[in-house]
Each structure stands twice: as structure tokens, then as C-alpha cells.
Amino acid sequence: MDKIVIVDDDADIRRIAELRLRLAGFNVLTAEDGEVGLKLIQAEKPKAVLLDLMMPKMHGFAVCQAIRSDPSLQGTFIIVASAKTYTADIKKAKELGADLYVNKPYDLEVLVKTIQTALASTSAAIAVKFWGTRGSIPTPGRTTLRYGGNTCCVEVRCGKTVILLDCGTGAREAGLALAGEFKGKTLHAHVFVSHTHWDHIQGFPFFVPAYVPGNHLRLYSVRGADKSLSKIFTGQMDSSYFPVDLGDMMAQLDFVELEGPIELGSAKIAHFYVNHPGLAVGFRIESEGKTLVYITDHEPYCRLSGDNDHNRKLDSAVDEFARGADLYIREAQYTEEEYAVKRGWGHSTWKDALDSARAAQAKRLVLFHHDPMHDDDFLDGIVASCRTYMREQGMTFECSAGADYRKVSI
């Protein structure tokens, strides 16, 4: 039963709205002022909030802003309801994160249908869009049109929570799309960086939402061996390399160095160290009973250092991290022949990805971090080889190669 909080200082409106929403099957909680309402919202984490503006103790604008500033409430659908019909108030409410502005007195039947439609539209547990699937360096050109040439960037939506996995050159187009979608509204986005090698962060200086005042971006990764996360991102925009300074970005930027799981709305994100030169992690996102696992730039331990009990244990730990994934996005940069001469470069083969997906009992595998030397036809051949190998080994999960602009929902 979806939970809704009504915050309104008018007792009659609260009571009537509560009765109708309960009749529609919602679990409804109420508060009589903004301060109490915000505490209730923070404690109960409802799917939707029906929020008045002019309330005692805390104005509705402030409540709306506080909700959007709380990472654990990112997926909350906010309806601002007010007798004020001024364009300026409607615009301000949406800038502060309101999804909808309705005028009082509102039609209860319309309100119920609106909330039902809004919550149904966010019911897909995890929606994914690939903006960049290449590794190492961008590969634009006529031979990479179908799979794309941008480096790593994957957009993930868990309800209304916006997450990006890595910020390679694909982040430029992701940012343009987000800027268009959130034009006139505040964007709260969360960027999880697997590691700070160039192909995973080189799109960030071109990420348009970072230049929009009022937007709020949080960047997450593990602390570097000798530099903080913020220093790494500041350094790549040093005037020796780029004409715009990080300080010129007008959005609020927060750098979060991961120490444990993070909760964002309905999503829980965990990280896991993988085997790659320097510090690198994979991510596991769980939301509404579905799981996405993202592991890129990883070389199996037994491959690199020999088949022994210790390395088998380390490889099994990676598979365990991906256990039961509904969608497993896994690095598969090399063929077996290529790996023979590139052992120790920190990457996997497509067979490694398939074997890991089988060990993890994943339901769907997407091959990722395509080598810059692999054009569309070559990747078609890898997919065909994967399917042959899967038939021979009795593997039954789905397998495909990641492609720029491809969408997947789980």
C-alpha cells in the first residue's frame, strides 16, 4: 500500500482528502503544519506528498526544498496545493522541486487519478539508458554508428531518483537530455564514478546541468590513493587542460567519498573493489526488489595471477557481489586472442563476463566497455560467439552488447 503524507493547516481539507485517498487504497498520514509535516515525511518516506504553501512554522516552499535536499527522499512525488494562482508562485514551486501545482479547491477525483498515474509511471523499479559504452577512448566514425563511440556513462532511474554511472564522454549527451527534461525545474542528480581514469570522467566538464544555478549534483566514489575525490575533479579542469574552472560550475556540487552503502529514495547502492590498476569499484543498485550490477574495468584474479585457492576466492567474491542481478552490466573488452597479449592491462574477455554471469545466476547480461578497435561488425561477431558459447555451456540468461541510446527496464 503506497504511503501519502498530507501537510495542510486546514483541518477540513486534510480530513476530506485523507478519506478519499484512503478509499482509493492509499496509506495516508497527515500533519497540520510545515515543521511537523517535514519530520513526518523524513521519518515515513512516503511515495507522494500533498503540500500546502502558507502554513504555520514552516512555509511549503521550505518544506519542498528540504525534501529535494534529502537524498533518501529523491523519489518522492510532490504536489503543491494552494489557493494562490500567481505565475510566480507556480514557477517557484517547480524550481524548488514540486512535480505538480494544483489550485484549491481541487477536484478530489482528479487528484486521486493524478497520484495513481504518477506513482504508476515510476513503478518500474529500475530504468536504464546507455549514453556511452566504449572503453579507453571515444571512437566516433562510420564504423561505430550502431553500438556508439562514447565512453562510459549509464543513466539509471529508480522512481524519480536520477543516477549516472560514470561520466565519460557519454555524459555530454546525457546532460543535454537532462537539461531539456528539467528545464525550469531543479535537477538533483547523483553521479557514481567507478574510478577516475580518463575515459570515466572526461565528459564531466561538458555536463550542462553542472552549469545551471539551482541544480544539485552529488559525485560519489572511493577516495583516491593520494588525492581526494574533489581534488581529482578540480585537477582535470586545471587551466593547463581546460579553459573553464570547476568553480565556474554554478550548480551545487558535493563530493562524497564512499565508506558504505548509500540510500537514495527507494534505491540502495553498494560498492565493491574490483581488480584494475589503481582504485576501482563496481556498484550494485537495489530498488523495489530489482537489482542492477555494474562492473567495468575488472580483470579476473585467476587470469592475472594464476589459478589457486586465494584467487578463486577473490573471483568468487566478485560473482557473489553480482548474485541474482536482474541486469548485469559487465566489462568484456577483449577476445581470448587479444587477452593473450594484453594480460595485466586490467580488463576481461567476453568469456569472463559470461562465466561470471552464470556463476552469479544473473538474469540478463550486457557486455560493456567495448575496445576502441572493435567496430560494429566486430561486436556483432562477439555477440554471435557469445551465443554459441552459451548454447555449448547450457547458459540460459539473456546476453547482448551495450549500445549508446539503448534503453532497458527491469
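Just a few scattered comments:
- Each residue in region 112-121 was checked for being over 14 Å from GLY25 (Cβ atoms) and surrounded by 12 or more Cβ atoms within 10 Å (Cβ to Cβ), and 2 pass.
- Qualifying residue in region 22-36 (condition: under 23 Å from THR186 (Cα atoms) and crowded, with 22+ Cβ neighbours inside 10 Å): yes
- Going through (1) outside the structural domain of LYS290 (by TED's automatic domain parsing); (2) not in a loop (DSSP other than H, G, I, E, B) one by one, TYR106 falls short only on (2).
- Whenever a residue of region 386-405 is among the small types (Gly, Ala, Ser), its partners that are loosely packed, with under 14 Cβ neighbours inside 10 Å and modelled with pLDDT under 95, lying with C-beta atoms within less than 7 angstrom and at least six residues away or across chains, give the pairs ALA403/ARG146.
- Of the numbered criteria (1) over 16 Å from the mean Cα position of the chain (by Cα); (2) farther than 19 Å from GLY402 by Cα, the one THR144 fails is (2).
- Selected residue [at negative phi and at pLDDT below 90] from LEU51, LEU100, LEU19: LEU100
- Picking from residues in region 387-402 that are under 22 Å from CYS152 (Cα atoms) and buried (at least 18 other Cβ atoms within 10 Å of the Cβ), the one that is farthest from the chain's Cα centre (by Cα) is CYS399.
- Meets criteria (free of Cβ contacts under 8 Å to residues at least 12 places away in the same chain and part of a loop (DSSP other than H, G, I, E, B)) for SER239: yes
- Qualifying residue in region 281-291 (condition: crowded, with 20+ Cβ neighbours inside 10 Å, assigned by TED's automatic domain parsing to the domain that holds VAL193 and more than 30 Å from LYS47 (Cα to Cα)): yes
- Test: residue in region 307-325 that is without any contact (Cβ under 8 Å) to a residue 60 or more places away in the chain, in a loop (DSSP other than H, G, I, E, B) and of a type in the set (Lys, Arg): yes
A quick yes/no check of all residues on (1) modelled with pLDDT under 95; (2) assigned to a strand (DSSP E or B):
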| site | (1), (2) |
| --- | --- |
| LEU365 | no, yes |
| LEU379 | no, no |
| ALA384 | no, no |
| ARG391 | no, no |
| MET395 | no, no |
| SER400 | no, yes |
| TYR405 | yes, no |
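- Total residues in region 334-380, condition crowded, with 23+ Cβ neighbours inside 10 Å, under 20 Å from ILE410 (Cα atoms) and not small (Gly, Ala, Ser): 5
- Taking the criterion of being within 21 Å of GLY141 (Cα to Cα) and free of Cβ contacts under 8 Å to residues at least 40 places away in the same chain, the residues of region 358-373 that qualify are LEU367, MET373.
- Residue in region 308-329 that is buried (at least 24 other Cβ atoms within 10 Å of the Cβ), within 22 Å of MET395 (Cα to Cα) and either of a type outside the set (A, V, I, L, M, F, W, C) or at pLDDT below 95 (or both) present: yes
Yes/no matrix, rows are residues, columns are (1) closer than 18 Å to ARG330 by Cβ; (2) among the β-branched types (Val, Ile, Thr); (3) touching a Lys or Arg at 6+ places or on another chain (Cβ under 9 Å):
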{"site": "ALA127", "(1), (2), (3)": "no, no, yes"}
{"site": "PHE130", "(1), (2), (3)": "yes, no, yes"}
{"site": "THR133", "(1), (2), (3)": "yes, yes, yes"}
{"site": "SER136", "(1), (2), (3)": "yes, no, no"}
{"site": "PRO140", "(1), (2), (3)": "no, no, no"}
{"site": "THR144", "(1), (2), (3)": "no, yes, yes"}
{"site": "CYS153", "(1), (2), (3)": "yes, no, yes"}
{"site": "VAL162", "(1), (2), (3)": "no, yes, no"}
{"site": "LEU165", "(1), (2), (3)": "yes, no, no"}
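- Flag set for ALA81, criterion: small (Gly, Ala, Ser), farther than 26 Å from ALA251 by Cβ and surrounded by 15 or more Cβ atoms within 10 Å (Cβ to Cβ).
- Complete set of residues in region 292-306 that are loosely packed, with under 15 Cβ neighbours inside 10 Å and either part of a loop (DSSP other than H, G, I, E, B) or not assigned by TED's automatic domain parsing to the domain that holds VAL222 (or both): GLY306
- Residue match in region 225-246 (condition: buried (at least 18 other Cβ atoms within 10 Å of the Cβ), of a type outside the set (A, V, I, L, M, F, W, C) and touching a helix residue (DSSP H, G or I) at 6+ places or on another chain (Cβ under 6 Å)): no
The values are calculated or read from the model by the stated rules, or taken from the named source; none is laboratory data. Bear in mind that the values here come from a model prediction, so they are computed numbers and not experimental data. Using ideal geometry, Cβ is built from the backbone for each residue, glycine included, and neighbour counts are taken over all protein chains shown.
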